[in-house]
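The values are calculated or read from the model by the stated rules, or taken from the named source; none is laboratory data. Here the structure is a predicted model, which is why all the values come from computation and not from measurement. Neighbour counts are summed over all protein chains in view; Cβ atoms, including those assigned to glycine, are modelled from backbone coordinates with ideal geometry. Side chains included, ligands, DNA and RNA excluded: accessible areas come from the protein's heavy atoms. Shrake-Rupley method; radii C 1.70, N 1.55, O 1.52, S 1.80 Å.
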Amino acid sequence: MYLSKEYKADIFAEFAGSATNTGSTEGQVALFTKRIAHLTGHLKNNRKDFATQRSLQKLVGKRRSLLAYLYKKDIERYRAIIKGLGLRDIIK
């Protein structure tokens, strides 16, 4: 895969607080965001790659549901991850 173990550990250390805390909501959202950015770049060059397009849509849905969960549980953590990743506020 294009994300090495060290790169993933850095992502989790930055957003989840610990490199081994891979189950945290913030860490998962950050990892999904990096994967979404990678797949978006791939689709700009390969417009007809419909399998990747479907994978991208599924990832966006997963990230959205995790963000909705975080919004319901702890709005301050939600706002922090949105600001840290530079995402738009999707919960209305």
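List of remarks:
- Cα-based helix-to-principal-axis angle, 25-45 vs the chain, degrees rounded to 10: 20 degrees
- Stokes-Einstein D (µm²/s) once Rh is taken as the Kirkwood radius of segment 37-76 over alpha-carbon pairs, at 20 °C in 1.002 mPa s: 189 µm²/s
- The Cβ shell under 13 Å around Ser18 holds other residues with a net charge of -2, Lys and Arg each +1, Asp and Glu each -1.
- Probe 1.4 Å, accessible area per residue of the chain, Å²: 69 Å²
- Angle in degrees between helix 50-73 and the longest Cα principal axis of the chain, rounded to the nearest 10: 10 degrees
- Formal net charge of residues neighbouring Ala37 (Cβ-Cβ distance under 13 Å; K, R +1; D, E -1): +4
- The chain, dipole about Cα centre (Lys/Arg Cβ +1, Asp/Glu Cβ -1), debye to the nearest 20: 520 debye
- A DSSP coil position with no more than 16 other Cβ atoms inside 10 Å describes the following chymotrypsin sites (Phe, Trp or Tyr not before Pro) in segment 1-83: Tyr2.
- Spatially proximal lysines relative to Lys62 (Cα-Cα < 16 Å; intrachain offsets below 8 disregarded): Lys34, Lys72
- Surface share of carbon and sulfur [accessible, 1.4 angstrom probe, percent] for segment 3-83: 50 percent
- When Rg and the Kirkwood Rh are both derived from Cα coordinates, the Rg/Rh ratio for the chain amounts to 0.99.
- Per residue of the chain, the DSSP helices (runs of n ≥ 4 H) give a summed -39500 (n - 2.57) that works out to -24500 deg cm²/dmol at 222 nm.
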